[in-house]
Amino acid sequence: MNFQISTNGAGVIPSRQASTELDCETAALLRAAIRPIFASAASWGNLTDILKDKGYRLVFRQGRLCLTDRTTDARVCGLQFLGLEFRELVSRLGRPIVVARGDGANGDILAKRPTADQS
């Protein structure tokens, strides 16, 4: 049995960025703290208000609903990480009010429907 190893164009070996990934203990604590908020929310407005008080926001990034840090806008996790499905949230809370941001499938979930200014 012969093995041939080629090192031409090997370059840098990709590595995980540990600073942006959660360790298992932090992940478990995050799930334990955040999941009850989703479970007890009565509406999208209620959910976004509670998450805002905790320092988080709900946004769509590349077409997927995820939780971000309010101060840095860094993605914290997605619904799948929390063990939730968007379909279940929509069936329980109704359709969210989403405002498109930037290009692609990005957007923010609003707590309430915007009103037109009447001058």
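Are any residues in the range 25-70 surrounded by fewer than 16 Cβ atoms within 10 Å (Cβ to Cβ), polar (S, T, N, Q) and either at pLDDT 95 or above or part of a helix (DSSP H, G or I) (or both), and if so, which ones? The answer is THR26, SER40, ASN46. Annotation note: Cβ proximity below 7 Å between a residue of the range 91-108 that is among the acidic types (Asp, Glu) and a residue that is assigned to a loop (DSSP other than H, G, I, E, B) (sequence gap 6+ or interchain) occurs for ASP108/ARG101. Of all residues in the range 98-116, exactly one satisfies the criterion of being among the acidic types (Asp, Glu) and farther than 11 Å from LEU65 by Cα, namely ASP103.
Filtering the range 74-110 to residues that are touching a strand residue (DSSP E or B) at 6+ places or on another chain (Cβ under 8 Å), part of a loop (DSSP other than H, G, I, E, B) and either of a type outside the set (A, V, I, L, M, F, W, C) or surrounded by 11 or more Cβ atoms within 10 Å (Cβ to Cβ) (or both) leaves PRO96, ARG101, ALA105, ASN106. Of the listed requirements (1) open to solvent by 50 Å² or more (accessible area, probe 1.4 Å); (2) modelled with pLDDT of 90 or more; (3) outside any helix (DSSP H, G or I), LEU22 misses just one: (2).
Of all residues in the range 74-106, those satisfying the criterion of being of a type in the set (Gly, Ala, Ser) and at pLDDT 90 or above are ALA74, GLY78, GLY83, SER91, GLY94.
The values are calculated or read from the model by the stated rules, or taken from the named source; none is laboratory data. All figures in this text were calculated on a predicted structure; none of them were measured in a lab. In this analysis, Cβ positions are derived from the backbone assuming ideal geometry, glycine residues included, and neighbour counts consider all displayed protein chains. To get the accessible areas, we keep the full protein, side chains included, count just its heavy atoms, and leave off ligands, DNA and RNA. Shrake-Rupley method; radii C 1.70, N 1.55, O 1.52, S 1.80 Å.
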